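Please read the structure below before turning to the comments.
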Amino acid sequence: MLLGTDISAVLATLEALDVDLIGLNCSTGPEDMRDAIRFLSEFCPVPVHCIPNAGLPLQGPNGETIFPEQPEPLADVLGEFVDRYGVSIIGGCCGTTPDHIRAMVERVKGKVPPARPAPRPPTSAR
């Protein structure tokens, strides 16, 4: 996706492979995943997951990698993805800590994802 792959083409390809779950993982924070998650929420017939980094990595003063997204804001965005877009599985990749995961659990505890949409008619990836 970072190289400009179209999410509709990704979905068409993965649907043809009869996968059980489709989602986004790593590379960016959740806000940069929003448009693709929105598309998947409308058209993906299988559960959708979103497992972002804790924001886009920054270089610290000593050359270290810093992931700037704090637990509560990350949990809020992912909770919105569950509420608004029906994301079934959330988590965290690079830069997330146990505090991030705890905040996510608190934010979505007791939520049940809605039913997924019916499969689209077969399409060709362009």
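The values are calculated or read from the model by the stated rules, or taken from the named source; none is laboratory data. Keep in mind that what you see is a predicted model, and the values were worked out from it rather than measured. Glycine gets a Cβ as well: all are built from the backbone with ideal geometry, and neighbour counts include every protein chain shown. Side chains included, ligands, DNA and RNA excluded: accessible areas come from the protein's heavy atoms. Shrake-Rupley method; radii C 1.70, N 1.55, O 1.52, S 1.80 Å.
Among the conditions (1) modelled with pLDDT of 95 or more; (2) open to solvent by 70 Å² or more (accessible area, probe 1.4 Å); (3) under 25 Å from residue 45 (Cα atoms), residue 114 misses just one, which is (1). The single condition among (1) at negative phi; (2) out of contact with any helix residue (DSSP H, G or I) (no Cβ under 8 Å at 6 or more places or on another chain) that residue 26 does not meet is (1).
Restricting to the range 1-26, and then to whatever is open to solvent by less than 50 Å² (accessible area, probe 1.4 Å) and in a loop (DSSP other than H, G, I, E, B), can you tell me which residue is nearest to residue 120 (Cα to Cα)? So, considering only residues that are open to solvent by less than 50 Å² (accessible area, probe 1.4 Å) and in a loop (DSSP other than H, G, I, E, B), the one nearest to residue 120 (Cα to Cα) is 19. If you check residue 37 against the conditions, is it in contact with a strand residue (DSSP E or B) (Cβ under 7 Å, 6 or more places away or on another chain) and surrounded by 15 or more Cβ atoms within 10 Å (Cβ to Cβ)? Yes: the conditions hold for residue 37.
One line per residue, one yes/no per condition, for (1) out of contact with any helix residue (DSSP H, G or I) (no Cβ under 8 Å at 6 or more places or on another chain); (2) at pLDDT 95 or above; (3) surrounded by 15 or more Cβ atoms within 10 Å (Cβ to Cβ):
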| residue | (1), (2), (3) |
| --- | --- |
| 48 | no, yes, yes |
| 53 | yes, yes, yes |
| 57 | yes, no, yes |
| 62 | yes, yes, no |
| 67 | yes, yes, yes |
| 81 | no, yes, yes |
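Among the residues of the range 38-83, the ones that are touching a residue at least 40 places away in the same chain (Cβ under 8 Å), under 19 Å from residue 99 (Cβ atoms) and either in a loop (DSSP other than H, G, I, E, B) or among the hydroxyl-bearing types (Ser, Thr, Tyr) (or both) come to 5 in all.
If the condition is being within 17 Å of residue 48 (Cα to Cα) and part of a loop (DSSP other than H, G, I, E, B), then the range 86-112 contributes 86, 87, 88, 91, 92, 93, 111, 112. Residues in the range 11-52 that are farther than 20 Å from residue 83 by Cα and out of contact with any Leu (no Cβ under 9 Å at 6 or more places or on another chain): 12, 13, 14, 15, 16, 17, 18, 19, 20, 26. With respect to the stated conditions, residue 28 is under 16 Å from the mean Cα position of the chain (by Cα) and of a type in the set (S, T, N, Q).
Candidates in the range 85-101 are the residues that are in contact (Cβ under 8 Å) with a residue 12 or more places away in the chain and out of contact with any helix residue (DSSP H, G or I) (no Cβ under 6 Å at 6 or more places or on another chain); of these, the one that is least open to solvent (accessible area, probe 1.4 Å) is 91.
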